[in-house]
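See structure below.
The values are calculated or read from the model by the stated rules, or taken from the named source; none is laboratory data. These figures come from a predicted structure and were not determined experimentally. Cβ atoms come from the backbone with ideal geometry, glycine included; neighbour counts cover every protein chain shown. Remember, those area values only see protein heavy atoms, side chains included, never the ligands or the DNA or RNA. Shrake-Rupley method; radii C 1.70, N 1.55, O 1.52, S 1.80 Å.
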Amino acid sequence: MTVHLPPPGWPNRSASQSVQVAPHRWHVQRKGAGPTALMLHGAGASTHTWAPLLESGIGDWDAIMPDLPGHGFTKSPRGRARLPDVASDVSTLLTHLDAEPEVIIGHSAGGAVALELVRRSLCKPRQLIILNGALEDFQGAAGVLFPVMAKVLALNPLTGFFLPSGDQAVKQARSVIASTGTELPEKLLKPYAELISRKSHVDGTLAMMAQWSLAELGKALPQIETPTLFIHGAADEAVGVKVAQRAANAMPNADLIVLDEVGHLSHEEMPDRVAQEVRAFCIMASAN
């Protein structure tokens, strides 16, 4: 069987594995030792997004980082991108890996997946961390929900459209990411440029966009009692900080930290600060 892994030079590629769990062939990175932490990236991203946070020493964890269905290097059937399906399939993957996360960290749409896992009792972590969570249905513009690539992808709903490559892909990635309030150096832009040049990733992101709905999750937030930390960039132009404020206020055991002058990709833009807040929250929550 052909093993589908990221290209050489991909962040944390040595931790990559291909895991066949129907209906997906998952790309999963697993790195470190200790309590298990499940890390879920946002729409349009992949496992690469966690590299700066891991380098910042976020915690002594067994970090499990899958590419979500249709994203990155996970091969998926096009019809499995609804939030309940994604949560169920991530839960099945965890069972296959014999993993029970004590902490779940979700960025943007990955934050919604994290909360859905807990809402449906598919996971029972001790703590939840939601980074720039995309937790409300978007109104008209796809960029309200999707953090990085949707503003480009939404303009190209047909298969066979032009996919940028090389310098053009880097330029396009920089433009879209900047529009979310985040500026990234060239090193961190390159994985996004690689992703938007891959048709399967583009199709997977578009499929999620077409099927995504957060209405039921929003209604259920008051019933989620897991200690939760929301971290949100004040300069986030993709998901406004008021989304995090409303979610934190709705949940019985939630706190919110707002980072000034930080955009949508807070964990890549300011990984040391985010890691510091996550460590402090996990220590405090474990002590209570």
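Of Asp98, Asp89, all but one fail to be out of contact with any helix residue (DSSP H, G or I) (no Cβ under 6 Å at 6 or more places or on another chain) and at negative phi; the exception is Asp89.
Look at segment 193-226 and say how many of its residues are farther than 14 Å from Asp85 by Cα, part of a loop (DSSP other than H, G, I, E, B) and open to solvent by 50 Å² or more (accessible area, probe 1.4 Å). It would help to see each step written out before you state the result.
In the first step, residues of segment 193-226 are kept if they are farther than 14 Å from Asp85 by Cα; the result is 193-203, 205-206, 215, 218-226.
Add one more test, that the residue is part of a loop (DSSP other than H, G, I, E, B), and what stays is 197-198, 224-226.
Filter again for open to solvent by 50 Å² or more (accessible area, probe 1.4 Å), leaving 198, 225.
Within segment 193-226, residues that are farther than 14 Å from Asp85 by Cα, part of a loop (DSSP other than H, G, I, E, B) and open to solvent by 50 Å² or more (accessible area, probe 1.4 Å) number 2.
Candidates in segment 234-272 are the residues that are open to solvent by 20 Å² or more (accessible area, probe 1.4 Å), touching a helix residue (DSSP H, G or I) at 6+ places or on another chain (Cβ under 8 Å) and in a helix (DSSP H, G or I); of these, the one that is farthest from Gly133 (Cα to Cα) is Pro271. If you go through segment 76-102 and keep only what is under 24 Å from Ala275 (Cβ atoms), open to solvent by 10 Å² or more (accessible area, probe 1.4 Å) and among the β-branched types (Val, Ile, Thr), you end up with nothing.
Quick one: in segment 50-75, which of the residues that are small (Gly, Ala, Ser) and within 17 Å of the chain's Cα centre (by Cα) is surrounded by the fewest Cβ atoms within 10 Å (Cβ to Cβ)? I'd like the intermediate steps shown before the answer.
Of all residues in segment 50-75, those small (Gly, Ala, Ser) come to 51, 56-57, 59, 63, 70, 72.
Checking the rest, the ones that are also within 17 Å of the chain's Cα centre (by Cα) come to 51, 63, 70, 72.
Details: Ala51: 21, Ala63: 27, Gly70: 24, Gly72: 27.
Only one residue tops the list, namely Ala51.
Among the residues making up segment 72-114, those that are of a type in the set (Asp, Glu) and not in a helix (DSSP H, G or I) are Asp98, Glu100, Glu102. Of the residues examined, Pro69 is not one that is assigned to a helix (DSSP H, G or I) and closer than 24 Å to His264 by Cα.
Can you find a residue that is open to solvent by 30 Å² or more (accessible area, probe 1.4 Å) and within 25 Å of Ala275 (Cβ to Cβ) anywhere in segment 35-46?
Of segment 35-46, the ones open to solvent by 30 Å² or more (accessible area, probe 1.4 Å) are 35.
Filter once more, so that each one left must be within 25 Å of Ala275 (Cβ to Cβ): 35.
Yes, some residue in segment 35-46 is open to solvent by 30 Å² or more (accessible area, probe 1.4 Å) and within 25 Å of Ala275 (Cβ to Cβ).
Do we find that Gly57 is at pLDDT below 95, touching a helix residue (DSSP H, G or I) at 6+ places or on another chain (Cβ under 9 Å) and more than 19 Å from Glu116 (Cβ to Cβ) in this structure? Show your work before the answer.
Details: at pLDDT below 95: yes; touching a helix residue (DSSP H, G or I) at 6+ places or on another chain (Cβ under 9 Å): yes; more than 19 Å from Glu116 (Cβ to Cβ): yes.
It is true that Gly57 is at pLDDT below 95, touching a helix residue (DSSP H, G or I) at 6+ places or on another chain (Cβ under 9 Å) and more than 19 Å from Glu116 (Cβ to Cβ).
Scanning segment 273-288 for residues that are surrounded by 17 or more Cβ atoms within 10 Å (Cβ to Cβ) and either at pLDDT below 95 or among the polar types (S, T, N, Q) (or both) yields Cys282, Ala285. Looking only at segment 164-192, filter to residues that are free of Cβ contacts under 8 Å to residues at least 12 places away in the same chain and closer than 18 Å to Ser266 by Cβ; which one of those is most open to solvent (accessible area, probe 1.4 Å)? Filtering segment 164-192 for residues that are free of Cβ contacts under 8 Å to residues at least 12 places away in the same chain and closer than 18 Å to Ser266 by Cβ, the one most open to solvent (accessible area, probe 1.4 Å) comes out as Lys187.
For Leu229, indicate whether it is over 23 Å from Leu54 (Cβ atoms), within 19 Å of the chain's Cα centre (by Cα), modelled with pLDDT of 95 or more and outside any helix (DSSP H, G or I). Spell out the reasoning first.
Details: over 23 Å from Leu54 (Cβ atoms): no; within 19 Å of the chain's Cα centre (by Cα): yes; modelled with pLDDT of 95 or more: yes; outside any helix (DSSP H, G or I): yes.
In short, no.
Residue check: is Ser108 over 16 Å from the mean Cα position of the chain (by Cα), buried (at least 21 other Cβ atoms within 10 Å of the Cβ) and modelled with pLDDT of 85 or more?
Values: over 16 Å from the mean Cα position of the chain (by Cα): no; buried (at least 21 other Cβ atoms within 10 Å of the Cβ): yes; modelled with pLDDT of 85 or more: yes.
When the stated conditions are applied, Ser108 does not pass them.
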